[in-house]
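As structure tokens, the structure follows; a few thoughts come after it.
The values are calculated or read from the model by the stated rules, or taken from the named source; none is laboratory data. Small disclaimer: the values here were computed from a predicted structure and weren't measured. Cβ: placed from backbone, ideal geometry, glycine included. Neighbour counts: every protein chain shown.
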Amino acid sequence: MLKALLKSEVIISAICAAAALYLFFETQTFANIDVYGGKLGSDFWPRLILVSMMALSAGLAYNTIKDVLKGKIPEANNIKFSSANIRFIAAVALIATYLGLLPVIGFLVLTPVMMIAFMYLLGERSKAWIFSIPFVLTLGIVLVFTKLMYVPLPRGMGIFLKISHLLY
Amino acid sequence: MEIWLASLLNVFSPVALMLIAGGALAGVMLGAIPGLNSPMGTALLIPFTFAMEPANGLMLLTAVYCGGTFGGSISAILFNVPGAPEASVTGFDGYPMAKSGKAGKALGIAIMCSCLGGLFSVIVMSLISPQLASVALSFSEPEYFALALAALTLIASLGGDKMIKAFIAGCIGLLAATIGIDPMTSAERFTFDGDALMGGINFIPALIGAFAVGEILMTAEAGLKKTGEAVTKVSTELPKIIELLKLKWTILRSAVIGTMIGILPGVGATTAAFVGYSEAVRWSKHPRKFGTGIAEGIAAPETCNNAAAGGAMVPLLTLGIPGSATTAVIIGGFMVHGMQPGPMLFINQPGLMYSLFIAMFVANIFMLFSGMIVAKLFSNFRKIRYSILGPCIFVFATVGAFGISNSMVDVWIMFAFGLIGYAMKKFDFPIAPLIIALVLGELAEISLRRGMRMADWDISDFIFRPIGGTILLLTLITLLFTIYGKVKRKSKFVDSKTA
């Protein structure tokens, strides 16, 4: 029973409540600018929300515990770890790496590489698609956004900056 | 009457018609591509209007505006990535409908309702612009607060049986809206002593992240099982007369709401779409079906946002105050031709004003055809396997988020909300309340605090104002009614289980 409780939405409720509590203390750091006689200051609205969030999290936990005791928690709500999580973690890592490297390597060079890896991760095995779409799309986006719309897509640094300068 | 006839002849000249048709098509295209939008397109076209007759140039800009307001819904429906902020709500029901194999129907409803909403607002604008402008000026902070609160109560209806989860999601959205510099005291809030979050959380990257990136991460986790989703040929199906008649009250209500909200300076088509959606839920006989892919869920925001586009022209033309970002750009279009929008324009240039009204009417009709052409073009992308489409959507999402302020912070916000969206889907939290609260949070907070200050901390000023008080009362009644309905359904369910 305890295992089911821990695996269920109680964990989510606890995370929400803990985060709300932490942020509630964070509101004390807001500069106390007494523009309007101290009433409804910059911390009023966030605190109202955070208190509501803590109360709602408690309500969710209470409902969940009540349901678990009655044996009503569906299996799908439990937190499970499987091989699928590895794909998820790989996708998150790929996106985070891409975003982290974008200012360094630039959009033009990095995007096709990321797309090839992402397509492979999602299960694409056709070499024709994998090695055509990323380059065509990147080139198309660079031309439309930088030449027509003047959006300064990240150019990268050093050698990558020089490569980007060839196009935009 | 003579002025109207002269304006009619002016608009129906071959050059003007070509400009309107081209503008509507360009607007739809710009709106449909994430990262590009109608303010950007309108701004870029202003230099091209230098060499044109003032009327022709302004007709082109307004046609781009009309088309751009609709265009965003195409990518919202097909890929869950709204091309423009105004289309954010359309994806709530449009994407589930497209996923169930009815993408053509969803696009058809969106195109038709956008056209009808636009036509309604243009007719209203042509007939009673000055009167509407004076009503808009009577709106003050209590009315804005009541309006935001009314839309926020939609969260109770959107959660279905998971009302607490919906409210928690709403709280997260409201909280995210407080990040950055407090507009009233300039105090930093939740910036954690860094510069990155000082500008606050723009809701577009958040929206793209929660819906599109969240979906991509879910698919990555599901692997090939999900990529095997059957994709049928998509061809836009305009709704039949009988289907439109079923939606008549939703369309009419949304058109009125959209026009009214459009008139309010600084509120705009995005808020109009959210309020229109919330009212559609409130008045629907089956509110629990919203978010699952129903026609009303597409008709309401689409009618509203295009009606708001017309409405936003009212304060621009009558008072010289822009009602939205694009109308602010259109002011530039007037200025390059040596004109200042405002009451004097009706006296000095009545022909131009009526030409603009007629041009907007015609642009909305052209938008119907342009919408179908662009929708057909974009529909082809749905035939592509998700293993190819997913990374393409991600790249567009990244460029779309980056393009808002040319900043990597927005891209990281998109990613963070992607993770939040993934977690919320995983643990069965509705995402729509998060986005609604994020969009309306600032309006609700600031109008409450500013209104209280104006009323010298007397809450009765919010309650006893005719418009604001009525909206608040209706909001309270419907909220209590929603909660009562849910409690009653739950007790019925318990009774049937124990019997």
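Of B:425, B:383, which residue is under 30 Å from residue A:135 (Cα atoms) and touching a residue at least 24 places away in the same chain (Cβ under 8 Å)?
Just a single option satisfies the conditions, and that option is B:383.
Going through region B:169-220 one residue at a time, which ones are within 11 Å of chain A (Cβ to nearest Cβ) and in a loop (DSSP other than H, G, I, E, B)?
Listed by number, the residues that qualify are B:179, B:182, B:183, B:184, B:185, B:186, B:187, B:190, B:191, B:192, B:193.
Quick one: residue B:322 ticks every box in (1) part of a helix (DSSP H, G or I); (2) surrounded by fewer than 22 Cβ atoms within 10 Å (Cβ to Cβ) bar one, so which box is it?
(1) is the only condition that residue B:322 fails.
May I ask you to list the residues in region B:393-410 that are free of Cβ contacts under 8 Å to residues at least 40 places away in the same chain and crowded, with 20+ Cβ neighbours inside 10 Å?
Result: B:395, B:398.
Since residue B:59 meets every condition but one in (1) closer than 29 Å to residue B:274 by Cβ; (2) of a type outside the set (Gly, Ala, Ser); (3) more than 14 Å from the chain's Cα centre (by Cα); (4) crowded, with 24+ Cβ neighbours inside 10 Å, which condition does it not meet?
Exception for residue B:59: condition (1).
Identify, from the list B:154, B:147, B:137, B:119, the residue that is more than 14 Å from chain A (Cβ to nearest Cβ) and more than 26 Å from residue B:318 (Cβ to Cβ).
B:154
Of the residues that sit in region B:389-439 and are among the aromatic types (Phe, Trp, Tyr) and at the interface with chain A (Cβ under 10 Å from one of its Cβ atoms), which one is farthest from the chain's Cα centre (by Cα)?
Here the residue is B:427.
Can you confirm whether residue B:136 is buried (at least 21 other Cβ atoms within 10 Å of the Cβ), of a type in the set (A, V, I, L, M) and at pLDDT below 80?
Spelling it out, residue B:136 is indeed buried (at least 21 other Cβ atoms within 10 Å of the Cβ), of a type in the set (A, V, I, L, M) and at pLDDT below 80.
Yes or no: region B:58-75 includes at least one residue that is in contact with a His (Cβ under 9 Å, 6 or more places away or on another chain), in a helix (DSSP H, G or I) and modelled with pLDDT under 85. Full working, then the answer.
Within region B:58-75, the first condition is being in contact with a His (Cβ under 9 Å, 6 or more places away or on another chain), and the residues that meet it are B:58.
Applying the additional criterion that residues be in a helix (DSSP H, G or I) yields B:58.
With modelled with pLDDT under 85 added as a condition, the list becomes none.
No, region B:58-75 contains no residue that is in contact with a His (Cβ under 9 Å, 6 or more places away or on another chain), in a helix (DSSP H, G or I) and modelled with pLDDT under 85.
Taking the residues in region B:179-206 that are in contact (Cβ under 8 Å) with a residue 60 or more places away in the chain and over 21 Å from the mean Cα position of the chain (by Cα) as candidates, determine which candidate is farthest from residue B:271 (Cα to Cα).
The selected residue is B:196.
When you scan region B:457-488, how many residues do you find that are surrounded by fewer than 17 Cβ atoms within 10 Å (Cβ to Cβ) and touching a Ser or Thr at 6+ places or on another chain (Cβ under 8 Å)?
Count: 1.
Here are some conditions: (1) within 11 Å of chain A (Cβ to nearest Cβ); (2) touching a Leu at 6+ places or on another chain (Cβ under 8 Å). Residue B:163 meets all but one. Which one does it not meet?
Every listed condition holds for residue B:163 apart from (2).
Considering only residues that are over 21 Å from residue A:43 (Cβ atoms), β-branched (Val, Ile, Thr) and within 14 Å of chain A (Cβ to nearest Cβ), which ones fall in region B:449-483?
Passing the criteria: only B:483.
Would you call residue B:276 assigned to a helix (DSSP H, G or I) and small (Gly, Ala, Ser)?
Taking the combined requirement at face value, the residue satisfies it.
Which residues, taken from region A:123-145, are closer than 26 Å to residue B:222 by Cβ and free of Cβ contacts under 8 Å to residues at least 12 places away in the same chain?
A:123, A:124, A:125, A:126, A:127, A:128, A:129, A:132
Specify the residue that is farthest from the other protein chains (Cβ to nearest Cβ); the eligible residues are those in region A:143-159 that are part of a helix (DSSP H, G or I) and more than 21 Å from residue B:401 (Cβ to Cβ).
Step by step, filter region A:143-159, then rank; the result is A:159.
Could you tell me which numbered condition residue B:36 fails, if it satisfies all but one of (1) within 17 Å of the chain's Cα centre (by Cα); (2) assigned to a helix (DSSP H, G or I)?
(2)
From (1) in contact with a Gly (Cβ under 7 Å, 6 or more places away or on another chain); (2) touching a residue at least 40 places away in the same chain (Cβ under 8 Å); (3) farther than 19 Å from residue B:115 by Cβ, pick out the condition that doesn't hold for residue B:364.
Result: residue B:364 passes all but (3).
From the list B:413, B:436, B:431, which one is surrounded by 20 or more Cβ atoms within 10 Å (Cβ to Cβ) and at pLDDT below 85?
Details: B:413 fails: at pLDDT below 85; B:431 fails: at pLDDT below 85.
So the residue among B:413, B:436, B:431 that is surrounded by 20 or more Cβ atoms within 10 Å (Cβ to Cβ) and at pLDDT below 85 is B:436.
With respect to residue A:161, determine if the residue is at pLDDT below 90 and not acidic (Asp, Glu).
Spelling it out, it is not the case that residue A:161 is at pLDDT below 90 and not acidic (Asp, Glu).
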